[in-house]
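A.B. asks: If you scroll down you'll find the structure; I have some questions about it.
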Amino acid sequence: MGQPKRKQSKQRSRKRRGANQFSAPQLAKDPTDGTAFRPHHVNPANGMYRGRQVVDVEV
């Protein structure tokens, strides 16, 4: 495997690592009550998924 000819600077390493930061998850809006939830997941606020009640949620 090849070896680097020069030491990689701290600034260059930090620039590369800074581009891989975590981003906030995309959220969808529930049409029934307007709460935000992750798409393709059950809404934890009301237990609905694709217009059907799939989880009983205690209020």
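Readers should treat all values here as calculations from the given coordinates under stated rules, not as data from a laboratory. Only a predicted model underlies this, so the values are computations on that prediction, with no experimental measurement involved. For neighbour counting, all protein chains shown are included, and Cβ atoms are generated from backbone atoms with ideal geometry for every residue, glycine included.
A.B. asks: Out of G47, G34, G18, any idea which swings most in a Gaussian network model of the chain, alpha carbons joined below 10 Å?
C.D. replies: Greatest mean-square fluctuation among the candidates belongs to G18.
A.B. asks: While we're here: Can you compute the FRET efficiency between K10 and A45 using 1/(1 + (r/R0)^6), with r the Cβ-Cβ distance and R0 = 35 Å? Round to the nearest 0.05.
C.D. replies: Computed FRET efficiency for K10 and A45 comes out at 0.20.
A.B. asks: Give a quick list of trypsin sites (Lys or Arg not before Pro) in region 9-51 that DSSP marks as loop, anything other than H, G, I, E or B, with at most 13 other Cβ atoms within 10 Å.
C.D. replies: In loop regions of region 9-51 (DSSP not H, G, I, E or B), the sparsely surrounded trypsin sites (Lys or Arg not before Pro) are R50.
A.B. asks: As a footprinting exposure proxy, order V55, V42 by other Cβ within 10 Å, with the fewest listed first.
C.D. replies: V55, V42
A.B. asks: Still on this structure, I have one more. Within 10 Å of each residue's Cβ, count the other Cβ atoms and sort D30, D56 from fewest upward.
C.D. replies: D56, D30
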